[in-house]
Amino acid sequence: MITVELPGNTPVDWDDWDTPLAQFTEATGLVTSAYDTAGVRRIGPKTGSRLAGLLARSRLWDEEGPGTALERSLVQSSCADGNSASALFGGLRVCSLPLLLRGEVYGVLVFGWRFADFSSPLECERIAGQIGLAGHLLWNEVRLDAPVSEQRMGTYAALLGTLSRTLDGQRETIDDLTRVNRTRELFLATVSHEMRTPLSALSMRIELMLRTMPELPPKAVGALESMRVHVRQETAMVEDLIDAARTLTGQMSIERAPIVLGQVLREAISTVETLAHTKNIRMLVTPSDYGDRIHLEADGRRLQQVVWNLLFNAIKFTPDGGLIQIVAGHAEGMVTIDIIDSGQGIEADDLPHVFGAFTLQQHDNATGLGLGLYIARRIVELHEGTLSVSSAGRGKGATFAIRLPRTL
């Protein structure tokens, strides 16, 4: 693989041009080469006719050969003004076409080496003498080779120009995507450092004050506790934003390992128990052992994140005194987890949009970024499972169903 730097430090793989130039050569019978801006031949000369094959066996395209010198002069001209150029070697016409990326030349295609009209033995003798061939051998091939008129050469040049614009347009698109990817990675790194770090420091200071300053008045303690809640909410939103960015760019991954479902459920439930208690919401787990006899191969931390997210949403949208059921089981090689709440439910028109990024329900959802369910579904899909939702409508609760392959 041969690469050089394009304008803007974008690498170009000259191998990308190899097949298109071979096809162009085969279709037209012209000789084609590709040069970089330093005059180094990167591809070719590619030959597609008996005449071109004979020329290739001469010293025409040697490193110090006269054909190479002529091609380099055309390359220099095209690099200087960004335009096509042409020249004659005896009666053989040779043309150049600059390769452009964002208006800057990064290389030149050289093509041709065909007669525009019928040649003569005398002309073939003159050409052959310059390149170390026997004149009669060159004439034997030339007299059987159909000339390429100026008009047809113009058609071939237009065809090659279209091919060039197509490939270089694709290269510009790839370049744009690369720059976007770098910007995205910088964004993630900035969010991770510039937002996580001060939030962590603020959380530590609040905890320290609450634990080491017992003389604080009740109003100050209440204010600090409120600040602690808000910091945790902001931290959760930052983590959701980072996870969503990783999901959108395909950078989120999972690490499978043998796990026990019961442990995952217990840890997820423990993180929301206090919130459920404040709303007097009862959580009922089936079976009573939380699924300790159900084993699977999964990323325990990520799966706990899914269950926690579903439970958090269920609590948020379930009124005081409601019920949330967590039902675990397995059937037909799949682990099943159903989270059923008695909350506000989901309208039929909203069901298809529940798992969209930045999707917020219109009722009683004043917090968050609307990313939790989007991230949860992606995590389940990375496990080759499914996450779905159903609801009988407004005020009739909702059921979120997780299905995961056991793989054990």
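The table below lists the values:
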item: Förster-model FRET efficiency, 56 Å R0, GLU332 and MET227, C-beta, rounded to 0.05; result: 0.70
item: Fluctuation leader among ILE346, ILE269, ILE131 - the chain, Gaussian network, Cα springs under 10 angstrom; result: ILE131
item: Whole-percent pair-distance distribution, where bins are 10 Å wide, for the alpha carbons of region 81-187; result: 13, 31, 23, 17, 9, 5, 2
item: Rounded to 10°, Cα long-axis angle of helix 218-248 versus longest principal axis of the chain; result: 30
item: Loop-resident sites, region 92-171, for trypsin sites (Lys or Arg not before Pro), counting at most 11 other Cβ within 10 Å (DSSP); result: none
item: Share of pairwise Cα separations in region 262-308, more than 11 Å, in percent; result: 69
item: Average projection area in nm² (convex hull over Cα atoms of region 1-150, one quarter of hull surface); result: 8.6
item: Carbon and sulfur %, accessible surface of the chain computed with the full protein complex present, 1.4 Å; result: 54
item: Among (1) 159; (2) 232; (3) 192, the entry that matches volume of the Cα convex hull per residue in Å³ as calculated here; result: (2)
item: Solvent-accessible area per residue for the chain (1.4 angstrom probe, square angstrom); result: 52
item: Length-normalised contact order for the chain - Cα pairs under 8 Å, 6+ apart - percent; result: 9
item: Cleavage-rule hits (GluC sites (Glu not before Pro)) in region 253-324: DSSP loop, at most 15 neighbouring Cβ within 10 angstrom; result: GLU255
item: Residue among SER84, SER33, SER226 with the largest mean-square fluctuation in a Gaussian network model of the chain, springs linking Cα atoms under 10 Å; result: SER226
item: In degrees, nearest ten, helix 66-81 long axis to first principal axis of the chain (Cα); result: 50
item: GNM flexibility winner over the chain from ALA328, ALA376, ALA56 (Cα, springs under 10 Å); result: ALA56
item: Mean separation of Cα contacts under 8 Å (6+ apart) over length of region 45-124, as relative contact order %; result: 20
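The values are calculated or read from the model by the stated rules, or taken from the named source; none is laboratory data. What you see is a predicted model, and the numbers here were worked out from it, not measured in a lab. Backbone-built Cβ (ideal geometry, glycine too); neighbour counts: all protein chains shown. Accessible surface is based on the protein model in full, side chains and every heavy atom, while ligands, DNA and RNA are left aside. Shrake-Rupley method; radii C 1.70, N 1.55, O 1.52, S 1.80 Å.
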